[in-house]
Amino acid sequence: MEAKQIRSTFISFFQSKQHQFVPSAPIVVKNDPTLMFTNAGMNQFKDAFLGNETAKFSRVANSQKCLRVSGKHNDLEEVGVDTYHHTMFEMLGNWSFGDYFKKDAIAWAWELLTEVYKLPKDRLYVSVFEGDSIDQLSMDQEAFDFWKAIVPEDRIIMGSKKDNFWEMGDTGPCGPCSEIHIDLRSDEERATVPGKDLVNQDHPQVIEIWNLVFMQFNRLSDGSLKELPAKHVDTGMGFERLVRAIQFKSSNYDTDLFTPFIQELEKKSGKEYGKEEQTDIAFRVIVDHIRAISFTIADGQLPSNNKAGYVIRRILRRAVRYGYTFLGFKEPFLYELVPMISANFGEIFPEVKQQAEFISKVIQEEETSFLRTLDNGLKMLDSIKTELTANGEKIISGRTAFELYDTYGFPLDLTSLIARESGFSLDEKGFALEMEKQKNRSRAASESETGDWVFVHEDDGVEFIGYDFLESFSHIIKYRVVKDKKGDKFQLVLDKTPFYAESGGQVGDTGWLISESEKIRVVDTKKENDLIVHFVEKLPKNPEFRFSAEVDREKRQLTMNNHTATHLLQSALREVLGDHIQQRGSLVNNQVLRFDFSHFSKMTEEEIIRVEEIVNAKIRENIPLMEQRNVPIEEAKKMGATALFGEKYGDYVRVITFDKDFSVELCGGTHVPYTSQIGIFKIVSEGSVASGVRRIEAITAMAAENYLREQEQMLKEIKDLLKNPKDLRKAVENLLGERNELKREIEALHLEKASSVKKELLQEVISKDGIQLLIAKVELPHADALKKLAYELKNELEKAFVILAANIGEKPQIAVILDEELIASKSLNAGQIVRELAKEIQGGGGGQAFFATAGGKNLQGLDSVITKAKELYL
């Protein structure tokens, strides 16, 4: 049975059991502070488990895109090395929300595996929670009895809390689980050691394929368990492992999910899979990683140096490095696999098919960029390993690893991997310290402790009325305290709220909660999954009182101006640049709008002007807002409404229209009733933010008027400085011409001085043991002159060994350059030499074995540099 048929069979089986098939949620998580990526099938149903919303269907089945490469669930290091871990994988699952429970979940799982998929019963084992004394939980006798009626008792294994009690996190819904394992060993091996003894022992051929979780409890912040009012079923079956079991392969990578990609790589590389361990690992890494990269880009997450984007960049660079080192790819190659992703997964996940060209271009640019530095970085790493070996050391310092990261874009895990391949280790603690010093942007957020919700009033659901009203009389349903290093923070949930929660790029509302006795500032409003959470400065003295909830009207009004302008901007961009324009991110607040969009070239000045003209024309037309709520999603698509890739839309959506022939979008944000309210629109910048993504920043209303007024005032001041010339442009051009002429004259003087310095230095050269040695102090205008002088001296000397201590604009610098022959014959290294000498000027540096430089703080130390160099080498 082929993989596609296995997937469709799973879906149709549960549809026959009255389950609603629900499409996969985006792999990139939004509105959930606890997650960066979807790492389990249950993520999109989290609110139903938490009790924040009522499930739309009591029975659900789906195939969810998942990614496990960070945090608690981090499989990245195992991917490729073994045959069953993945970064991106599909999780097949079926759910019951207060409907069926253990009996049906167990029976249907066994029916599907053995009667539909025809997996041999004698190769299957099941596990049951054995109980836990700390939590005062007894054995899951109920599950045991249901299993006992289906399978022989000797195939039922008692599992510990670690293996058979599933928890969403430190707090939240949890419960016992039953795992189903399969033994894929040969008959000969099975006769030697029973499969039962190898379950959960990390045996590569005795693997878990399905986990049936029975949600019975809620874990509170004090560690105690509380019975849930309704019991749920949450199952997860790794699709890749299931395909492997059904196709009876010894490796996930031997299934038809991966073999077409491996065969394509074999053609491109000329290497053969299955012949050598390192090349096999490279094949597996690449065919796994291309899926993760493609799916995350399709869902709106581009490679970058921050958070989720940095994770994707790490994965991409790991794949490129394996291809470069072990498969001989010196040019971009990953992007050429994207059409195969589209062909193999486009049916079940249409977003990868719709965006195949964009995904391909983003990956190609990322590959090209990384390959530029990879070769130099690998040479640098080889030099470091050679230096360490010569000193009898086997540990790469954290500082060196950070330099590789900072200069060559080598993630820590990549440096660590290359080091291990050569028998070296890496000082990861030292690396972490360097990252801390540099305030690395991908550093994990500060730890916080979230208390349990304190319930004040009955929860009949939260009503958002902010599209129509900016005030309401509301009760607090519940509140909680979040403790972190900066102090306590307070969060409230209201039964009815006019406050818009941050979403879709629009910032959350601020305002006030007012009662007869107090006025509390609402500093922000955010979504936690689908729950509207109000962040307040303090907790009310009397939370049970009724409050007047009032939104900051001025801030909301200015934000609406910018949000509507963003819709007009996107339509104008499509008109000017083409239909390929897709939103890739946005920020809308009361001061500015920022719009990221897919486009592969810099906008011309003419294009920017044309976009501004179109938007301002639509503003002057005074187009009324047409808002349609609860529109069936399919009907909205027929209307031509623009949707965002990576957003999870429900069955009913809100459609915002400003002229049905111009701007029709799915949007949950707030907007002006008429476009004229925006006043004026002005683009203030356009530039690149990522491969294939441009960013426009713009302003509206008073902000735009103030900007134009400031520009006008600046122009007036420039005219005044130039004595009010009749032709300002010509006056500035003349001024620049004079400046360039003076610059050329200064450069000529610098060259003349450098030439004179070189002649003087050549007189100071000392011959020693066949080496021409020069140690001298010089004064030069800039660092480029120092480098140029060093190279010229090297070219004029035989077996040159040159150390220059330079005063560069009252800042000390050192340059060391060596003849290449001396590196091998005399075991000299310019990088080592310059680092030792740099101590005298309170600095540091490095470079290549034949040329290295250093800078420092202590200008007076240059004399000490000369003295020390002469002591060491004369």
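Okay, here's what the table says:
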read-out: Residue in segment 1-58 that is farthest from Ser294 (Cα to Cα), counting only those that are polar (S, T, N, Q) and within 29 Å of the chain's Cα centre (by Cα); value: Asn52
read-out: Glu665 vs. criteria over 16 Å from Asn561 (Cβ atoms) and over 29 Å from the mean Cα position of the chain (by Cα); value: no
read-out: Filter result (more than 12 Å from Ile418 (Cβ to Cβ) and out of contact with any Gly (no Cβ under 9 Å at 6 or more places or on another chain)) within segment 380-394; value: Thr386, Leu388, Thr389, Ala390, Asn391, Gly392, Glu393
read-out: Segment 750-779, residues that are touching a residue at least 40 places away in the same chain (Cβ under 8 Å) and charged (D, E, K, R); value: Lys768, Lys777
read-out: Count of residues meeting criterion [in contact with a helix residue (DSSP H, G or I) (Cβ under 7 Å, 6 or more places away or on another chain) and either under 28 Å from Ile359 (Cα atoms) or not assigned by TED's automatic domain parsing to the domain that holds Asp579 (or both)] in segment 668-695; value: 5
read-out: Restricting segment 473-524 to residues that are acidic (Asp, Glu) and in a loop (DSSP other than H, G, I, E, B), the residue that is nearest to His563 (Cα to Cα); value: Asp509
read-out: From Leu374, Leu426, residue being touching a helix residue (DSSP H, G or I) at 6+ places or on another chain (Cβ under 9 Å), modelled with pLDDT of 85 or more and crowded, with 16+ Cβ neighbours inside 10 Å; value: Leu426
read-out: Enumerated helices (runs of 4 or more DSSP H) restricted to segment 783-874, each holding at least 3 residues that are buried (at least 19 other Cβ atoms within 10 Å of the Cβ) and without any contact (Cβ under 8 Å) to a residue 60 or more places away in the chain; value: 783-796, 830-838
read-out: Criterion: of a type in the set (A, V, I, L, M, F, W, C) and farther than 22 Å from Thr400 by Cβ - qualifying residue of Ala805, Ala838, Ala830, Ala852; value: Ala805
read-out: Condition met for Asp382 (of a type outside the set (Lys, Arg) and within 21 Å of Pro303 (Cα to Cα)); value: no
read-out: Condition met for Lys231 (modelled with pLDDT under 95, over 30 Å from Gln5 (Cβ atoms) and part of a strand (DSSP E or B)); value: yes
read-out: Qualifying residue in segment 41-54 (condition: part of a loop (DSSP other than H, G, I, E, B), outside the structural domain of Asp460 (by TED's automatic domain parsing) and buried (at least 17 other Cβ atoms within 10 Å of the Cβ)); value: yes
read-out: Breaking point among (1) under 18 Å from Glu90 (Cα atoms); (2) in contact (Cβ under 8 Å) with a residue 40 or more places away in the chain; (3) surrounded by 18 or more Cβ atoms within 10 Å (Cβ to Cβ), for Phe258; value: (2)
read-out: Flag for Gly430 being outside any strand (DSSP E or B), touching a residue at least 24 places away in the same chain (Cβ under 8 Å) and on the phi > 0 side of the Ramachandran plot; value: no
read-out: Test: residue in segment 96-105 that is at pLDDT below 95, touching a strand residue (DSSP E or B) at 6+ places or on another chain (Cβ under 7 Å) and among the hydrophobic types (A, V, I, L, M, F, W, C); value: yes
read-out: Residue within segment 578-593 that is part of a helix (DSSP H, G or I), surrounded by fewer than 18 Cβ atoms within 10 Å (Cβ to Cβ) and over 27 Å from the mean Cα position of the chain (by Cα) present; value: no
read-out: Residue match in segment 125-140 (condition: farther than 18 Å from Asp163 by Cβ, in contact with a helix residue (DSSP H, G or I) (Cβ under 6 Å, 6 or more places away or on another chain) and in contact (Cβ under 8 Å) with a residue 60 or more places away in the chain); value: no
read-out: Qualifying residues in segment 598-630 (those that are part of a loop (DSSP other than H, G, I, E, B) and within 34 Å of the chain's Cα centre (by Cα)) - the one modelled with the lowest pLDDT; value: Phe600
read-out: Identity of the residue in segment 764-777, in a loop (DSSP other than H, G, I, E, B) and either modelled with pLDDT of 90 or more or touching a His at 6+ places or on another chain (Cβ under 9 Å) (or both), that ends up farthest from Phe801 (Cα to Cα); value: Glu764
read-out: Condition check for Lys271: of a type outside the set (A, V, I, L, M), in a loop (DSSP other than H, G, I, E, B) and surrounded by 15 or more Cβ atoms within 10 Å (Cβ to Cβ); value: yes
read-out: Any chance Val757 is in contact with a helix residue (DSSP H, G or I) (Cβ under 8 Å, 6 or more places away or on another chain), outside any helix (DSSP H, G or I) and surrounded by 10 or more Cβ atoms within 10 Å (Cβ to Cβ); value: no
read-out: Residue under evaluation Tyr649, criteria (1) of a type outside the set (S, T, N, Q); (2) closer than 28 Å to Val28 by Cα; (3) in contact with a Ser or Thr (Cβ under 6 Å, 6 or more places away or on another chain); (4) surrounded by fewer than 18 Cβ atoms within 10 Å (Cβ to Cβ), criterion not met; value: (3)
read-out: Close pairs from segment 503-514: first touching a residue at least 12 places away in the same chain (Cβ under 8 Å) and under 13 Å from Asn31 (Cα atoms), partner in a strand (DSSP E or B) and acidic (Asp, Glu), Cβ under 6 Å, at least 6 apart; value: Gly508/Glu502; Gly508/Asp524
read-out: Residue list for segment 188-221, filter: in contact (Cβ under 8 Å) with a residue 40 or more places away in the chain and surrounded by fewer than 17 Cβ atoms within 10 Å (Cβ to Cβ); value: Lys196, Pro204, Leu220, Ser221
read-out: Unmet criterion (only one of (1) modelled with pLDDT under 90; (2) within 30 Å of Gly505 (Cα to Cα); (3) in contact with a Phe, Trp or Tyr (Cβ under 8 Å, 6 or more places away or on another chain)) for Leu67; value: (1)
read-out: Residue within segment 316-327 that is among the β-branched types (Val, Ile, Thr), under 28 Å from Leu92 (Cβ atoms) and at pLDDT 90 or above present; value: no
read-out: Tally, over segment 83-112, of residues that are more than 20 Å from Asp140 (Cβ to Cβ), part of a helix (DSSP H, G or I) and of a type in the set (A, V, I, L, M, F, W, C); value: 1
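Yes/no per residue for (1) more than 30 Å from Phe97 (Cβ to Cβ); (2) modelled with pLDDT of 95 or more; (3) among the acidic types (Asp, Glu):
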position: Phe239; (1), (2), (3): no, yes, no
position: Leu242; (1), (2), (3): no, yes, no
position: Ala245; (1), (2), (3): no, yes, no
position: Asp254; (1), (2), (3): yes, yes, yes
position: Phe261; (1), (2), (3): yes, yes, no
position: Gln278; (1), (2), (3): yes, no, no
position: Ile297; (1), (2), (3): yes, no, no
position: Gly300; (1), (2), (3): no, no, no
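The values are calculated or read from the model by the stated rules, or taken from the named source; none is laboratory data. Note that the structure is predicted; figures quoted are calculated from it, not measured. Here the Cβ is made from the backbone with ideal geometry for all residues, glycine too, and neighbour counts use every protein chain on show.
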